[in-house]
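Only the coordinates and a few stated rules stand behind these numbers; no lab work does. These numbers were taken from a predicted model, which means no experiment stands behind them. Cβ placement follows ideal geometry from the backbone for every residue including glycine, while neighbour counts extend to all protein chains displayed.
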Amino acid sequence: MELLILLASRPGQLVTRTEIAKRLWSSEVFVDTEHGINTAVRKLRLLLHDDADSPSYIQTVTGLGYRFIATITHVSREPIETTNAPVSSTVASTISQAAPHLEPMPADTPLPSQPPVAVGGNSKHHRRLWIGVAIPSVLLVAAAVRFSPNSLVSRVLNRDSQPLITSIAVLPLNNLSGDPNQEYFADGMTDELITTLVKDSTLRVISRTSVMQYKGTHKSLPEIARALSVDGILEGSVTRTGDHVHLTLQLIRADTDAHLWANSYDRTPNDTVTLPAEAAREIARRLNSSVSGRPGERYVDPAAHDAYLHGLYLWYSSNEKAGEYFRKAVEIQPDYALGLTGVAAYYGGGSFEGELDPRDALPKAEAAAEKAIALDDSLPEAHSTMAAAVYAGRWDWKWSEREIRRAVELDPNFAEGWHLYAKMLGPLNRSEEAIAAQKKATELDPFARPWAMAVILLVARKFDASLADANMRSEIYPHSVALHWVRANCYRYKGMMRESVNEMVATYKDIGDPQSAAAVEHAFNHGGMKAVLRWHIANGEKMARKRYVSPVALAQLHAQLGEREPTLSLLEEGFRQHSPQLLWIQRDPEFDFLHSDPRFRSLVQRTGLPPIF
């Protein structure tokens with residue numbers, strides 16, 4: 001209200017952020033004024049239904065302050081009529097000084113459908129100034145809050161008796177560096193705040209991918225909090241320029257939008273490694289949810305840490321590009337545990353997806369994970385990457401299960417670990433357990449891997465359920481390549497070839513390959529699904545001359561054509577290469593015609609998988 005009065009009292013004029021800070025907070029009150037001003041402006045815009053990009057009321061003057069641009073009509077003042085409840089002279093004086101043209105309105109005065117900025121006239125009734133949907137009568141409350149001895153601190157910092165905050169969402173930090181190339185740093189700091197809060201507090205902390213959808217959003221904080229089912233929101237910004245890093249954070253109670261805590265940190269780039277942990281522990285102490293007794297952390301080279309953050313930022317879109325930075329992090333600091341988990345994830349993930357030659361990649365994945373565990377046995381990521389490495393590289397089901405169980409014991413909210421567990425259980429013919437594990441992963445992080453449940457259902461041969469889940473999620477993620485892939489397979493298994501080809505075409509279009517999309521469409525129109533498969537085989541063999549292509553992927557194409565000999569030959573090559581993709585051949589209906597073949601049975605037996613035939 002005070003900000004609204006300040007802006008409206010100087011219509012059309014620039015009101016600087018310094019002036020706002022002096023008006024809203026006394027020097028005795030500790031609060032991060034930068035975020036306090038941003039929050040106050042956001043609240044006003046929300047109430048006024050004002051658009052920051054095309055404002056009708058409050059215009060932002062970048063880097064300086066704000067200007068009230070709506071037309072204001074001043075009305076003459078009449079004496080305030082007293083009521084049975086006397087108003088203190090302090091409060092009355094405050095109202096007179098702060099807003100000489102404002103008077104309380106009767107409680108039954110209707111609000112206009114489109115709130116004008118000012119309404120006046122020569123009526124005998126009270127003259128009224130309407131400013132948005134803010135009712136002037138609450139000035140009595142505002143004045144009392146401002147001048148009562150302790151209530152301002154109570155209101156601003158919310159130190160009154162309210163329910164404890166037990167859950168929190170860390171919104172993506174705003175990158176205020178003026179350099180879009182620093183976006184990875186802001187996202188990395190966000191991720192580390194989340195990770196440290198999980199480790200150092202008893203709070204339920206929303207996962208990274210769930211909060212990243214709100215990056216750059218204009219939704220209100222209470223709306224975000226309701227969507228994520230949390231009690232508190234942590235928001236802020238980070239600026240990195242030259243040899244200076246500035247981090248500002250504020251903690252907000254979700255139901256009231258009230259400030260609980262705010263702070264700012266100024267550091268050199270060499271000190272940013274420990275900054276998220278420092279802030280997270282301060283927040284945990286503020287909410288009385290600290291976890292004590294955590295051992296000291298090893299030294300981390302700032303350059304290695306920065307490379308890891310860069311890799312983490314890229315890993316969600318490109319495993320290959322992320323791997324460059326993960327390897328760089330370990331080159332800078334060979335004993336950097338998190339960097340080693342990134343390297344293990346790169347090599348293991350590339351092998352699982354058939355992008356990297358497993359003969360070279362899997363030993364490197366296991367070595368990196370083993371070293372990470374030796375350096376920090378408390379890292380869930382270290383155990384999950386070890387689980388993936390021994391599952392894919394050694395085909396040791398018991399060892400891999402011990403490691404993944406250890407990962408989720410260390411962090412029961414580790415959605416990545418639960419997803420990997422689900423993926424591992426499928427080939428072991430433990431379908432119901434796999435579905436349960438993926439349900440857990442999806443509950444913990446509903447926005448990570450929107451295709452994951454559909455894939456687990458597909459491996460379980462629940463094609464209708466898989467298709468239904470994929471269709472539902474495709475409404476939200478219409479350009480997800482993975483969802484196109486799931487639907488293409490479901491339709492093919494159900495004999496719906498036209499629909500399957502449509503999904504293939506959509507996949508190529510979404511990855512920016514219209515030539516392949518046109519080639520698939522042309523092949524189907526002139527030769528049906530067999531022609532499409534022939535085109536894919538030729539294309540795969542052409543790609544294999546330039547980079548690694550899994551022989552199991554080519555075997556699957558020949559299997560769809562019912563070609564026994566080339567299928568078995570390619571599967572044997574996959575076995576010699578120790579391809580992780582070989583572990584799913586029993587679950588793929590395309591290989592069912594080989595279940596009675598002794599060579600296929602021998603292949604399955606040699607992998608150690610429990611047979612389903």
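Looking at the range 247-339, the trypsin sites (Lys or Arg not before Pro) that sit in a DSSP loop and have at most 15 other Cβ atoms within 10 Å of their own Cβ are R298. Placing dummy labels 7 Å off each Cα toward the beta-carbon, the span from K542 to F613 is 3.4 nm.
By counting other Cβ atoms within 10 Å of each Cβ, how are D257, D469, D464, D53 ranked from fewest to most?
D53, D464, D257, D469
Each of Y493, Y308 was scored by other Cβ atoms within 10 Å of its Cβ. Listed from fewest to most, they are Y493, Y308.
For the range 167-286, the normalised intensity computed at q = 0.10, 0.22 Å⁻¹ comes to -0.27, -1.33 (log10 of I(q)/I(0), Debye sum over alpha carbons, equal scatterers, no solvent). Placing +1 on the Cβ of every Lys and Arg and -1 on the Cβ of every Asp and Glu, with no other charges, gives the range 298-412 a dipole of roughly 160 debye about its Cα centre.
Shown in residue order for the range 36-44 are the 3J(HN,Hα) couplings computed by the Karplus curve 6.51 cos²θ - 1.76 cosθ + 1.60 at θ = phi - 60°: x, 5, 4, 5, 4, 5, 4, 4, 4 Hz (x for Gly and Pro).
For the range 372-472, the list of trypsin sites (Lys or Arg not before Pro) that fall in a loop by DSSP and count at most 15 other C-beta atoms within 10 angstrom reads R394, R461. Each of H522, H383 was scored by other Cβ atoms within 10 Å of its Cβ. Arranged with the fewest first, they read H522, H383. For the range 441-455, backbone phi angles converted through the Karplus equation (6.51, -1.76, 1.60; θ = phi - 60°) give residue-by-residue couplings of 4, 5, 5, 6, 8, x, 9, 7, 6, x, 8, 4, 5, 4, 5 Hz, Gly and Pro being listed as x.
Near the amide H of W25, within less than 5 Å, lie no amide hydrogens of residues on another chain or at least 5 residues away, with H placed in the peptide plane. For the residue pairs K215/K423; K398/K494; K364/K398; K364/K542; K509/K530, the C-alpha atoms sit more than 26 angstrom apart in K215/K423; K398/K494; K364/K542. In a DSSP loop and with at most 15 other Cβ atoms within 10 Å, the GluC sites (Glu not before Pro) in the range 453-533 are E475.
Using the empirical formula 2.2 N^0.38 Å as the baseline, the Cα radius of gyration of the range 212-351 reaches a ratio of 1.22.
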